[in-house]
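Quick notes on the structure that follows.
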Amino acid sequence: MTPLNLSKKIIILGPAHPLRGGIAIYNERLARQFQSEGHDVTIYSFSLQYPDFLFPGTTQYSSEPAPADLNIKTVINSINPFNWITVGNEIKNLKADLVVVRYWLPLMGPALGTILRRIKSNKHSKIICIADNVIPHEKRIGDHAFTNYFIKPVDAFITMSEKVLTDLRSFTQTKPAQLEPHPLYDVFGEAVSKAEARKHLNINQNDFIFLFFGFIRKYKGLDLLLEAIAKLRNAQLQTTNYKLLIAGEFYEDRKLYDELIEQLGIKDDLILKTEFIADSEVKYYLCAADAVVQPYKNATQSGVTPLAYHFEVPMIVTNVGGLPAFVPHGKVGLICEPTVDSIAAAMQEYMQTGSAQFLPHLREEKKKYGWDKMTSAILKLSELV
C-alpha cells in the first residue's frame, strides 16, 4: 500500500481541451489539484468524442487557448475499436499508479471499457471512476449493456449525488463506491460587481434578474420556467421589474421554445443569450444574476450548482435527483416542486425576501466543496482496492 502523501503517477481519462464543456473543465481542474499536491498527471482525451451527426450543439471545440500547465494527449477515438486497443496498451505500459476515468454517457462504454481492460492487465494500476451519470437522462437502446461492459474493469466509484449512487447499485452491489459532492467551479475568475457584469452584458441595472444557465435540454425544464414567467406576469406583481436571462446553447430544436415564448406573450420578459458561453464570459452571467433557477424535471447533480456557489448567487432548484441535497432550503436558496405553479411561487417568494438572508449561509456552505476533498476521497478509495 502506497502512503497517500507520496507522489503518484496519475492518468485522467476523459474530455479536456480542445474539447469544451463542463466535464472537460472539471477534468482540467482536477488535474491541477493533483499537480498542486505533487503528483504527476496526464489527461488522455478524445481526438474524436462524438461523430458530428450525434453532437447536438454547434461545435465540440473550445475557442479558448490551450492550457500551458497541463499535459493533455488527444488520442482516444470513441468509435474506432483498433484505437481503443492501441491507447489501452500505451497506458498499460505506463504503469500509472492511478487511473481516474469519467463516465457520463453509455455511448462511451465500449471505448472506455476496452481501454480499461488493457490497462488492468498490467496488474498495477488502480482504476477509479467518477460517475456523472450511470443511467442517462435520455435513454437509448444498448445503454444497459454498454454500462455493464464499462463497469467490469473499474475497481471503485465516486458519485456526486445519491441518485447516481443508487443507479450504480443496480449494476454492481460489491464494488466500493462513495458519494463526494461536485467541487466548486472556481476556474472562471473572480466575481465582478453586479453593476460591472450588467454593464458588460448590456442589462438594465435595476431589473431583478433570474438566470437559467447551461445547455438547453428537455430534462432541464426550461419550458416549465417559461410558463412560470408567464404566471408571474399574469399575477401583475407589485414589485421590481424582473427578467429571465437565458444563457446557453440549444441542444435540441429551439423551435418549440420560440413557439412557446410567442404563445405565452413573454418575449419582453426575457433576455436571450442562446449561444455557447465562452469560459471568459461565464462570470458576467453569474454575477449579473439575483438568483439562479434550475427548474429541472429530473437530475443527478448539476455543474450549475457549484458554479452558483463559487460566485455566491442563491438558487431556486426543483426537488428532483441530487439538487435539493446541495441547496439547503431557506438557507442557500429555495426548493420547489417541478411544476409551473411551484416554480412561480418560489420565484415570487424570492423576489419578496431578496438575497440578503441567503448569502451568509451560502458562504458557509461553499466551504464544504473544495477540490482537495475530491482528490483526498479518490486517493483514499484507491488504497482500499
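The values are calculated or read from the model by the stated rules, or taken from the named source; none is laboratory data. If you're wondering where the values come from, they're calculated on a predicted model, not measured in any experiment. Reconstructed Cβ throughout: ideal geometry from the backbone, glycine too, with neighbour counts over all protein chains shown.
Quick grid of which residues meet (1) closer than 28 Å to Glu196 by Cβ; (2) at pLDDT 95 or above:
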| site | (1), (2) |
| --- | --- |
| Asp279 | yes, no |
| Leu307 | yes, no |
| Phe311 | yes, yes |
| Pro314 | yes, yes |
| Gly321 | no, no |
| Thr339 | no, yes |
| Ser342 | no, yes |
| Thr353 | yes, no |
| Ala356 | yes, no |
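Mind checking which residues of region 171-202 are hydroxyl-bearing (Ser, Thr, Tyr) and under 23 Å from Ile378 (Cβ atoms)?
Matches in region 171-202: Thr172, Thr174, Tyr185.
Let me confirm something: among Asp132, Asp167, Asp143, which residue is out of contact with any Lys or Arg (no Cβ under 9 Å at 6 or more places or on another chain), acidic (Asp, Glu) and buried (at least 18 other Cβ atoms within 10 Å of the Cβ)?
Checking each option against the conditions leaves just Asp167.
Quick check on Leu334: is it at pLDDT 95 or above, surrounded by fewer than 24 Cβ atoms within 10 Å (Cβ to Cβ), of a type in the set (A, V, I, L, M) and under 28 Å from Glu281 (Cβ atoms)?
yes
So, in region 69-96, exactly how many residues are surrounded by 19 or more Cβ atoms within 10 Å (Cβ to Cβ) and closer than 19 Å to Glu28 by Cα?
Of the residues in that region, 4 qualify.
Report, by residue number, each residue of region 125-170 that is part of a loop (DSSP other than H, G, I, E, B) and modelled with pLDDT of 95 or more.
Correct list: Ser125, Lys152, Pro153, Val154, Asp155.
Is it the case that some residue within region 341-353 is of a type in the set (S, T, N, Q), surrounded by 15 or more Cβ atoms within 10 Å (Cβ to Cβ) and assigned to a helix (DSSP H, G or I)?
Yes, the conditions are met somewhere in region 341-353.
Yes/no per residue for (1) outside the structural domain of Tyr242 (by TED's automatic domain parsing); (2) over 17 Å from the mean Cα position of the chain (by Cα); (3) touching a residue at least 12 places away in the same chain (Cβ under 8 Å):
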residue	(1), (2), (3)
Val304	no, no, yes
Val320	no, no, yes
Val327	no, no, yes
Cys336	no, yes, yes
Thr339	no, yes, yes
Ala344	no, yes, yes
Thr353	no, yes, no
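Report, by residue number, each residue of region 79-113 that is closer than 29 Å to Ser161 by Cβ, in a helix (DSSP H, G or I) and not hydrophobic (A, V, I, L, M, F, W, C).
Answer for region 79-113, where residues must be closer than 29 Å to Ser161 by Cβ, in a helix (DSSP H, G or I) and not hydrophobic (A, V, I, L, M, F, W, C): Pro106, Gly109, Pro110, Gly113.
Residues are listed down the side, and each one gets a yes or a no for (1) part of a loop (DSSP other than H, G, I, E, B); (2) within 24 Å of Glu349 (Cβ to Cβ); (3) of a type in the set (Phe, Trp, Tyr); (4) touching a residue at least 40 places away in the same chain (Cβ under 8 Å):
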residue	(1), (2), (3), (4)
Lys243	no, yes, no, yes
Asp253	yes, no, no, no
Leu256	no, no, no, no
Glu262	no, no, no, no
Asp268	no, yes, no, no
Leu272	no, no, no, no
Val282	no, no, no, yes
Leu286	no, yes, no, yes
Val292	no, yes, no, yes
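What about Val313, is it assigned by TED's automatic domain parsing to the domain that holds Ala228, part of a loop (DSSP other than H, G, I, E, B) and buried (at least 23 other Cβ atoms within 10 Å of the Cβ)?
yes
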